[in-house]
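Colleague: Submitted below is the structure of interest, expressed as C-alpha cells.
Each value in this text was obtained by applying a stated rule to the coordinates, not by laboratory testing. Just so it is clear, the structure is predicted and the values come from calculations on it, not from any experiment. Cβ: placed from backbone, ideal geometry, glycine included. Neighbour counts: every protein chain shown.
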Ligand code: NAD
C-alpha cells in the first residue's frame, strides 16, 4: 500500500528528506510571502535564486522530495506553492507552543508578533519564580513549572521553547518530555541529552556571532 508523504500526498517510495532541505523550505516560504506582498502571482526558480541565494537547481531538487511542482512555461503559482510548503511544514494550522522560562529572553519572545503571524501560538508560559506565575503576559497565561504536566494535558502543545538558565535546561526538557512534547527550541547554553524521536534546535546568538567573527578575519586575510 502506498505511504502518505509529509505533505499528505501519496508516494510509493517515500524519500528521507535531508534536514538542510527542511531548513530551506522555511526560507522559500518567507520569500513567497514577500513575493506575494509585492504583487507577484507566479515565480520562477531563477527568482528564488536571486532572492534567497539558493541555486535554482537546489530549489527544484528540494521540492522534488515532495512531488511535482510548477508548470513548464508558467513557473510556480505562488498561492499554490505557499499552500503546499505550509502543509509540508505543518504550518497550515496553528501550532501550539509553550515557553519555559519567562525571563528577559522569554518576555521578549512573547512580545514578538512574528510568532502568531507564522501560526505559532504560545498557549502557556511556565516559570519557577512564584512572582511571575498566575498572571498573563502578552495574553499568555503564566503557570508554575509544577503545573506543566496538568496544563500540557489540557493544551496539548507540540513544541517547547526553553529559555531557562543552562543549569535548568535538562531538567525542564525532561519534564517537557513527560508531557509528550518531542520538539524543542533550546535557547539555553546546554547540550540536551534526549531520547530518540526528539528533535532539538539549538539557538545561540553568540555562536552565530563567533561564525561571523571568523569570517571577518578570513575576509581580511583574503583582501
Ligand atoms: P533570565 O535569568 O532573565 O530568565 C531565566 C528565567 O528562567 C527566569 O524567569 C527564571 O525564574 C526561570 N527559571 C529558572 N529555572 C527554571 C526552571 N527550572 N523552570 C522554569 N523556569 C526557570 O535569563 P534570560 O536572559 O531570559 O536568558 C534565558 C536563557 O536563554 C539563558 O540560558 C541564557 O543563557 C539564554 N540566552 C540565549 C540566547 C541565545 O542566543 N541562545 C540569548 C540570550 C539568552
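Colleague: To test your reading of the geometry: what angle, between 0 and 90 degrees and rounded to tens, separates the Cα axis of helix 205-222 from the longest principal axis of the chain?
Modeller: On a 0 to 90 degree scale, this one is about 50.
Colleague: I would also like to ask the following. Taking every DSSP beta bridge that has both residues in region 69-223, what percent is antiparallel when rounded to the nearest 5?
Modeller: 10 percent
Colleague: Summing -39500 (n - 2.57) over the DSSP H runs of n ≥ 4 in the chain and dividing by its residue number, what mean residue ellipticity at 222 nm do you reach, to the nearest 500 deg cm²/dmol?
Modeller: -13000 deg cm²/dmol
Colleague: Can you give the extra length, in nm with one decimal, that the chain gains between residue 51 and residue 196 once fully stretched, where that is 0.36 nm per residue apart less the Cα-Cα distance?
Modeller: The span from residue 51 to residue 196 would gain 48.6 nm if fully extended.
Colleague: Next question, about the same structure. Any idea what the relative contact order of region 57-187 is, in percent, if you count C-alpha pairs under 8 Å spaced at least 6 apart?
Modeller: 22 percent
Colleague: Two-decimal Rg/Rh of the chain from alpha-carbon positions, Kirkwood Rh?
Modeller: 1.02
Colleague: Sticking with this structure for a sec: Expressed in nm to one decimal, what extension gain is obtained for the pair residue 147 and residue 167 from 0.36 nm per residue of sequence separation less their Cα-Cα distance?
Modeller: The residue 147-residue 167 span can extend by a further 5.2 nm.
Colleague: Another one. Which Rg and Dmax, in Å, describe the Cα atoms of region 67-109?
Modeller: 17.3, 52
Colleague: Helix 78-88 versus the longest principal axis of the chain: what angle, 0 to 90°, nearest 10, using Cα atoms?
Modeller: Taking Cα atoms only, the helix is inclined about 50 degrees.
Colleague: Modelling each spin label as a point 7 Å along the Cα-to-Cβ direction, I'd like the residue 27/residue 104 distance in nm, to one decimal.
Modeller: Once both label points are built, they end up 3.1 nm from each other.
Colleague: At what distance in angstrom do the alpha carbon centres of region 79-104 and region 120-189 lie from each other?
Modeller: Distance between centres, Cα-based: 17 Å.
Colleague: Would any residue of region 100-116 have its amide N under 15 Å from a label point 7 Å out along Cα→Cβ of residue 206? List them or say none.
Modeller: 105
Colleague: In addition: Just want to confirm a number: the relative contact order over the chain, from Cα pairs under 8 angstrom separated by 6+ residues, in percent.
Modeller: 13 percent
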